[in-house]
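The values are calculated or read from the model by the stated rules, or taken from the named source; none is laboratory data. Here the structure is a predicted model, which means the values were calculated and not measured. Reconstructed Cβ throughout: ideal geometry from the backbone, glycine too, with neighbour counts over all protein chains shown. Ligands, DNA and RNA are stripped out before the accessible areas are found, and what is left, the full protein with its side chains, is counted by its heavy atoms. Shrake-Rupley method; radii C 1.70, N 1.55, O 1.52, S 1.80 Å.
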Amino acid sequence: MSEIKKLTADVDVSEYFEKYVNFEEVSKLCIEEQEALGYNWNYPPFEFDTNDVWNSYNKLKIIAFKIDFSAEELEHTFDERELEFVLKRFERLKVKLMNEIYMLESEDSLGLFLGKCNLCMRCTREVNMPCKMPFKMRYSLESLGAYVDRTVEDIFGYKILYAHDGKLPEYLIFVGGLLYDKK
């Protein structure tokens, strides 16, 4: 059975921005991902300057959920469809985990999604229509230009791992956060 651990760290936004944010470079990766997987409202391009978001807050609470797989799960070799199904199950789990971030929000803070938004079965951005859930949709660290892999490695001491060859990774990590202490 999988076990979920919550990891948190509070950092100064200006220091984090200096060390981990490069919107131009990271947004290119987001756009490449969207071209492969479909467009999404919480990924660039945006009609606002992401620097304005970062510059509006003093603090960032990085919130990561680490899912450790059991020995039985790690030993099993999945065919392509099975593995896709298992990984989609964990993608849907992100919505539940996001509730913990929503509960931390106030008028002086902004929650950050655990990666790409998956509130809807298919994002309306793909058909050039407005977001169906703008009150729940949040941007992610990577969509605002942050290097999430470096963040996880430097702050929590873990590498981002991926499934391959029909095998689950030792663990999955979903990373979100909360910008707070509004300027």
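Annotations for the structure displayed:
- Orientation-averaged projection of the chain equals 10.6 nm² [convex hull of Cα atoms, one quarter of hull surface area].
- Label positions at GLU80 and ASP68, each projected 7 Å from the Cα along the C-beta direction, are separated by 3.3 nm.
- List TYR16, TYR147, ordered by accessible area with a 1.4 Å probe, largest first: TYR147, TYR16
- A 1.4 Å probe over all protein chains sorts ILE4, ILE101 by accessible area into ILE4, ILE101, starting with the largest.
- Using alpha-carbon coordinates, inclination of helix 80-104 to the longest axis of the chain, degrees: 40
- Axis of helix 23-37 versus longest Cα principal axis of the chain: the two differ by about 40°, to the nearest ten degrees.
- LEU104 - accessible surface, heavy atoms, 1.4 Å probe, Å² rounded to 10: 80
- Around the amide H of LEU112, modelled in the peptide plane, lie the amide H atoms of GLY177, LEU178, LEU179, all under 5 Å away and 5 or more residues distant in sequence or on another chain.
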